[in-house]
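Read-outs: derived from the displayed coordinates by stated rules, not from any lab. Quantities reported herein were computed from a predicted structural model and do not represent experimental measurements. So basically every Cβ, Gly included, is an ideal-geometry build from the backbone, and we count neighbours across all protein chains shown.
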Amino acid sequence: MGHVIPIFNDDIYASVVADSSMVTKVPALEGRSVTSAQNGQAVFTDLMLTHDVTGSSYSLVFTLQKHRHVTIRTASFDSTLGPAARLVLVTNPSLSSESLSYLSQQPVLQLEDLGGNSLRDPNGVKTLLIPAALVVDGEEPKLNNNAVTPFLFTENKVSATLKELNIDRAGRYQLSFSCCGGLSALSSEFFITVGKPYRLNLAVQPTTTVLGVVMTPSPQARLADLAGNWAGSAIFVSSVTLSSGSTKDAPLGGSGTLLSFHRTQQTVSSQKGMAVFSGLAIDHAGTGYSLVFSSDGLVPVTSDFFNVSGPVGILHVEWNPAPSNADATWATQPRLQLTDKNGIPVICPCSKGTVRTVAQKDASVVKVTGNPEAYSAAGLAQFTNLGLSLSGVNFRLKFEFIPYGAGDAVIGFSQPFEIVPGRPASLKILMQIDAHWRGVGIYNLLAYCMLFTLFSLAFSVLPSLSLSFSLFFSLAL
């Protein structure tokens, strides 16, 4: 039996060896593998076996640094797997791929313990797409085929290989991977490029307009790939027509016709992948119009529905007046919607103008308090601080729309409403009492005194009111 040498303070080096020559993977130790002996003893505190083969046997070998011929080998022990410690991205996605095409290099991940041993997680790996720049509203990119990917044993290793990943929107991205309730990995940045021209897209939709008036802004069609990305600056020829539903069912009183003004044709040669259809108009009022844009060899596109109105013909007063106090601003204010004679909202620039209002009672005109004018835009006019100083019933507001451009004034009326008297603000009593002492009965004199007392009480009860009267006594002796 050996004895402890108290004065021994040399460094001792620890290493690990496999007990079987069949284990070809060279093991290693992590942690502090060199420690100094103190009073003849050396303590190793954080050694960890790595690069081992699960189920194989290993031994630790301790060597004196200054006496290499002195070694100690421990008894054999078996290697076992540790808990999941890290998610490793073994293969990054390909640097560049086309929109909606499979990534030419699909990501591969491994789950490892602290020793670098591959593990399996029954819940698999989840994948999240991270755009490298802010995403425009309505153009959220979509990562397809990103179902949870399991860890499988293939080619002597356990890994999760994603398959058939593709992205629709062109741009710069990263992929984030997660598993095991907190472990994650992040890919390097990669690019999704635009595909080949496949269809037409609308960069600017047609909007509600007035019959015979040119659509503003002008509709614009552009080249797009299968996913809808703008497909470059190629020149193409595009034409526009009314959709079949627009000429059959939508217009009121007949079928509309698509017109072109300003020497603009309904067939346009594009510039830099964009065809601008300026000067378009429709000659009949109606609802539910839509336009179809087409080009040879490309999938056509149909616009959103839009309305074609006549000029402003009706003022719809969206206001339910309630009894209000005189000289007070109304709690709810009148709001007007401008429509044509068929009730179609007029929201084009021709609805811009001034709406003026006055109050009417029978045949009399009464000025309102506050601002009697409101600006109309996009078919709406909102008043803000109207009120009325007179009280009474059966008042009505008369509105007059005066367009900024050409067009006639349009009149509208509100429902009848009531204005109740406001809170008392002043009390003015003018009375002259001439009292003649001689010849005045005692009862009349008492009545004068009681009247004076009532005035005094009123003044004391309502100190905020002004009270004025004159009392004259003249004594006829």
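Observations on the model:
- Cα shape, segment 86-193, gyration tensor, a/c 1.5 rule: prolate
- Computed about its Cα centre, the charge dipole of segment 353-401 is approximately 80 debye, with only Lys, Arg, Asp and Glu carrying charge at their Cβ.
- Cβ crowding within 10 Å, taken as a proxy for footprinting-reagent exposure, orders Y13, Y289 from fewest neighbours to most as Y13, Y289.
- Footprinting exposure proxy for T354, T209 (fewest neighbouring C-beta atoms within 10 Å first): T354, T209
- Ratio of Rg to Rh over segment 41-95 (Cα coordinates, Kirkwood Rh, two decimals): 1.16
- Volume in Å³ per residue [convex hull over Cα atoms, computed for segment 11-78]: 91 Å³
- Taken over the alpha carbons of segment 314-420 as equal point scatterers, the Debye sum produces base-10 log I(q)/I(0) values at 0.12, 0.23 Å⁻¹ of -0.38, -1.21.
- Proximal lysines relative to K272, as straight alpha-carbon distance under 21 Å, when same-chain residues fewer than 8 apart are discounted: K196
- When segment 133-187 is reduced to its Cα atoms, the Kirkwood hydrodynamic radius in Å: 13.6 Å
- Rounded to 5, percent antiparallel among DSSP beta bridges of segment 314-420: 95 percent
- C-alpha center-to-center spacing [segment 57-112, segment 326-350] in angstrom: 73 Å
- Estimated D of segment 1-158 in µm² per second, where Rh is the Kirkwood radius over Cα pairs and Stokes-Einstein applies at 20 °C, 1.002 mPa s: 107 µm²/s
- Ranked by how many other Cβ atoms sit within 10 Å of their own Cβ, fewest first, the residues S295, S243, S101 fall in the order S101, S243, S295.
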